[in-house]
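Rule-based calculations on the coordinates, nothing more; no lab input. All values reported here derive from a predicted model rather than from experimental measurement. Positions of Cβ are generated from backbone atoms using ideal geometry, with glycine treated the same way; all protein chains shown enter the neighbour counts.
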Amino acid sequence: MVAEPSSTSPSADGSPSRTDWRLLPHPDRFAPDRPDAEACLVAHAAALERGDAGYLDPTTGLFVLTADHLAARPCCERGCRHCPWVV
């Protein structure tokens, strides 16, 4: 079964509308019960702290963009893990 994509929209002032967008990915994009969830969130937080554009996923080794990096541009509709525009 394929899930319906999440809607994406900015708030009235053009900023992401979810209050937790910077630290927690939307559950449609990142299941919080994943075995590697804590490691991924720690890697994301460290990348945010350093001001990096992204981090290497601890399980797959793939490069994942941070929420801050993604917030600087409109949603690309590609399913980014930390997309701040998903509501």
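For the stretch 16-63, what does the alpha-carbon gyration tensor say about shape, rounded, prolate or oblate, given a ≥ b ≥ c as the root eigenvalues, a/c under 1.5 as rounded, and a/b over b/c as prolate? Taking the square roots of the gyration eigenvalues as a ≥ b ≥ c, the stretch 16-63 is oblate. Highest average first, the peptides 28-34, 81-87, 49-55 ordered by how many other beta carbon atoms sit within 10 Å of their residues are 81-87, 49-55, 28-34.
Take 58-64, 21-27 and order them by the average number of nearby Cβ atoms within 10 Å per residue, most first; the result is 21-27, 58-64.
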